[in-house]
1. Would you please classify the overall shape of region 184-273 from the alpha carbon gyration tensor, given that a ≥ b ≥ c denote the square roots of the eigenvalues, rounded means a/c under 1.5, and beyond that prolate means a/b larger than b/c while oblate covers the rest?
2. Semi-axes, largest first, in whole Å: what does sqrt of 5 times each Cα gyration tensor eigenvalue give for region 54-271?
3. I need the per residue convex hull volume for region 99-226, using only the alpha carbons, in cubic angstrom as a whole number.
4. Project the alpha carbons of region 112-156 onto their principal axes and report the range along each, largest first, in whole Å.
5. For Tyr71, Tyr206, Tyr55, what's the fewest-to-most ordering of other Cβ within 10 Å of each Cβ?
6. At what distance in angstrom do the alpha carbon centres of region 254-274 and region 91-113 lie from each other?
7. Want the number for Thr216 to Asn194: 0.36 nm per residue separation, take away the alpha-carbon distance, what's left?
8. Run a plain Debye calculation on region 54-161 (Cα atoms as equal point scatterers, no solvent) and give log10 I(q)/I(0) at q = 0.13, 0.23 Å⁻¹, rounded to two decimals, same order as the q list.
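Every number here is computed from the coordinates shown, using simple stated rules; none is lab data. Predicted model, so just to flag it, every value in this text is computed and none were measured. All Cβ positions, glycine included, derive from the backbone under ideal geometry; neighbour counts span all protein chains shown.
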Amino acid sequence: MKKYISLFLLAMLCVLPSCDILKEELGIEDEEKPKEENKGDQKPQVNVNKSPCAYFTFDGNYDDLSGNDKYAYGNPEPSFVNGPVSGKKAIAFSRANMTKVVINDGLIDSPSMTVSFWLKDISEGDIFWVTSTNAFAGSTTKMMSLKYTNGHLKYTMKRSNNHSELNGGRIGNFTHKVIDDGDWHHIVLVSDFNVINENMVTTSLYIDGVLMDTLTESYSTYDENQEKECHFGTGTKFIIGGDNTPNMKIANLRVYDEWQLPASEIKNLYNKKL
């Protein structure tokens, strides 16, 4: 009898797959046997760039394509004109009409940010600025402004420095190529606070994919820790144009919060006219 049982078991072993094969087909993990990793099949890590927190093409509308539902409106309304890409639109601002576009978020009021857009036919005035819940000397809530004056772009972060500008003060201008030549130009500001330089806001200007200049503006970490003095995180609106709007055309506004766009990606946006 034992002889027949042994022969039966031997026959079954020849027909049935091994226990390991059965487990594999059924998807059963063997706890005692660690799963081998096929290192040859492993994919390399890919650096994924952060998406913009706001993205307005201004292609005939004020839609935010970032998926974050930022709301924008014109007051007074700008007009839509031909953009940097054939078949696409841009918005045109009129100094005479004091045209402006208001976005319901401070957008760039973070210690690290990137703002990118296309610009054409610029004259003197405020390109964009941010309103703050805090006020300097009870007179202005204006901070983080980009203006064009005397042939230069000028980025001013602090409320006090924006206030001194109103009273004739002068903060350093960027040095850069000519941009009021009737052509479309890609403008990018990359800024950080207290990273590259301690107690400084360091802002780099790229035009048409090329680094033009880097400037610093003093700002104390002590002030940032004071509720009534701080700037970052107090922004309520991002305003393009306004009372001191220049004549200009703007397309493809991108804003990155807490992200400094790498130079290679800036060049890529320029090459693709994005």
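1. Numbers: a/c = 2.24, a/b = 1.40, b/c = 1.60.
It is oblate, given that a/c is not under 1.5 and a/b is not larger than b/c.
2. Values: eigenvalues 128, 73, 61 Å².
The three semi-axes for region 54-271 are 25, 19, 17 Å.
3. Values: hull volume 14.9 nm³, N = 128.
For region 99-226, the hull spanned by Cα atoms encloses 116 Å³ per residue.
4. So the three principal-axis extents are 34, 25, 12 Å.
5. If I rank by nearby Cβ atoms, fewest first, I get Tyr71, Tyr55, Tyr206.
6. Going from one Cα centre to the other spans 19 Å.
7. Result: 6.9 nm gained on full extension.
8. For region 54-161 at q = 0.13, 0.23 Å⁻¹, log10 I(q)/I(0) is -0.55, -1.57.
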